[in-house]
1. Using the structure shown, decide if Lys142 is under 19 Å from Glu11 (Cα atoms) and over 11 Å from the mean Cα position of the chain (by Cα).
2. Can we say Ala84 is among the aliphatic types (A, V, I, L, M), in a strand (DSSP E or B) and surrounded by fewer than 21 Cβ atoms within 10 Å (Cβ to Cβ)?
3. List the pairs whose first member sits in the stretch 45-66 and is within 20 Å of Ser138 (Cα to Cα) and touching a residue at least 60 places away in the same chain (Cβ under 8 Å), whose second member is acidic (Asp, Glu) and part of a helix (DSSP H, G or I), and whose Cβ atoms are under 7 Å apart, counting only residues at least 6 apart or on separate chains?
4. Looking only at the stretch 87-129, count every residue that is assigned to a strand (DSSP E or B), surrounded by fewer than 18 Cβ atoms within 10 Å (Cβ to Cβ) and more than 10 Å from the chain's Cα centre (by Cα) and tell me the total.
5. Ala96: within 18 Å of Ala15 (Cβ to Cβ) and among the small types (Gly, Ala, Ser), yes or no?
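We did not get these values from a lab; they are worked out from the coordinates using the rules stated. All of these numbers come straight from a predicted model, not from anything done at the bench. All Cβ positions, even for glycine, are placed from backbone atoms using ideal geometry, and neighbour counts span all protein chains on display.
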Amino acid sequence: MSTSYQGFTAEERAAMKEHAQDQKKAARRSSRADKAAQDQRDVLAKIAEMGESDRIMAERVHAVITASAPALAPKLWYGMPAYALDGRIVCHFQSAAKFKTRYATLGFSDQANLDDGTMWPAGFALTEVTAEVEARISALVKRAVS
């Protein structure tokens with residue numbers, strides 16, 4: 001087993017390229033309202049591109065987040081649907097296909113108010129979005145922006 005650095009994976013390089021493209025698109029938009037509307041369309045288009053299982057989960061996660069925390073603005077982040085408060089990413093959805101993992105992930109950044117002592121979860125594996133999972137996501141997102 002080698003401990004030397006092997007470089008970025010193809011998936012990581014693709015995510016970085018997507019992020020650069022997202023940043024260029026955002027810089028070209030004129031007004032704040034145009035940017036917000038286009039960001040929403042970009043997120044929905046990215047979700048629509050996903051495979052069926054990831055797409056179904058992403059649609060539900062998107063619906064729960066936008067209903068639970070309307071202050072969060074949808075935007076793409078490294079090619080993933082993400083939700084920002086005052087331009088700073090609070091949470092994101094990573095499809096299982098993105099990095100060829102066995103589950104999708106709902107991740108939270110350091111901007112999320114989820115602190116609980118000296119250690120707390122910042123990422124959650126998703127294999128299915130049930131009513132119980134939707135309730136947990138809603139509570140987490142509300143707490144994250146509180």
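1. Answer is no for this residue.
2. Spelling it out, Ala84 is indeed among the aliphatic types (A, V, I, L, M), in a strand (DSSP E or B) and surrounded by fewer than 21 Cβ atoms within 10 Å (Cβ to Cβ).
3. From residues that are within 20 Å of Ser138 (Cα to Cα) and touching a residue at least 60 places away in the same chain (Cβ under 8 Å), the pairs are Arg60/Glu134; Val64/Glu134.
4. 4
5. Details: within 18 Å of Ala15 (Cβ to Cβ): yes; among the small types (Gly, Ala, Ser): yes.
So Ala96 passes the test.
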